[in-house]
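Asker: Have a look at this one before I ask anything.
The values are calculated or read from the model by the stated rules, or taken from the named source; none is laboratory data. Keep in mind that what you see is a predicted model, and the values were worked out from it rather than measured. Reconstructed Cβ throughout: ideal geometry from the backbone, glycine too, with neighbour counts over all protein chains shown. Heads up: the accessible areas ignore ligands, DNA and RNA and are worked out on the full protein's heavy atoms, side chains in. Shrake-Rupley method; radii C 1.70, N 1.55, O 1.52, S 1.80 Å.
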Amino acid sequence: GLDLSHCVGTNSLGPAGPWRSGGPCKMKRVRTVFKPEQLERLEQEFLKQQYMVGTERVDLAATLHLTETQVKVWFQNRRIKWRKQSMEQKAAKLSQFGVIQPASADSTDSKDHEEDTVDVEL
């Protein structure tokens, strides 16, 4: 849903819409809060495969009472977390052996491989 409670005077200008991006009122996206059971199932599926597409994603979304977009975004965000953890583990192993990690490794931008991630609730 969209939270318009921070908008002042939207009634006098008519209903706020996404086309009014230049105005003083910007629509705020509400962060999806997953139930523990949903997260457990999503993590189980992620362990099997890091990419979920097509009918598998539709079926999982229906099973968990989520939208397909919510499942897609969760997988995108989880892949970024997984890559970050992998890089941190690699850096820790290298530092154990006295190998100095290049400074650019910490600032590697995962957006090179992913679309911008957003939390969407429909």
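Asker: Return the FRET efficiency for the residue pair Phe34, Ser86: r is the Cβ-Cβ distance, R0 is 25 Å, and the value is rounded to the nearest 0.05.
Answerer: 0.65
Asker: Related question: Which value, in Å² and to the nearest 10, is the accessible area of Thr63 when all protein chains are kept and the probe is 1.4 Å?
Answerer: Accessible surface of Thr63 is approximately 80 Å².
Asker: Let me ask you something else. Using a Förster radius of 22 Å, what is the FRET efficiency between Glu43 and Val99 based on their Cβ-Cβ separation? Nearest 0.05, please.
Answerer: That pair, Glu43 with Val99, gives E of 0.10.
Asker: At 1.4 Å probe size, with no ligands or nucleic acids counted, give the accessible surface of Lys81 in Å², nearest ten.
Answerer: Around 100 Å² of this residue is reachable by solvent.
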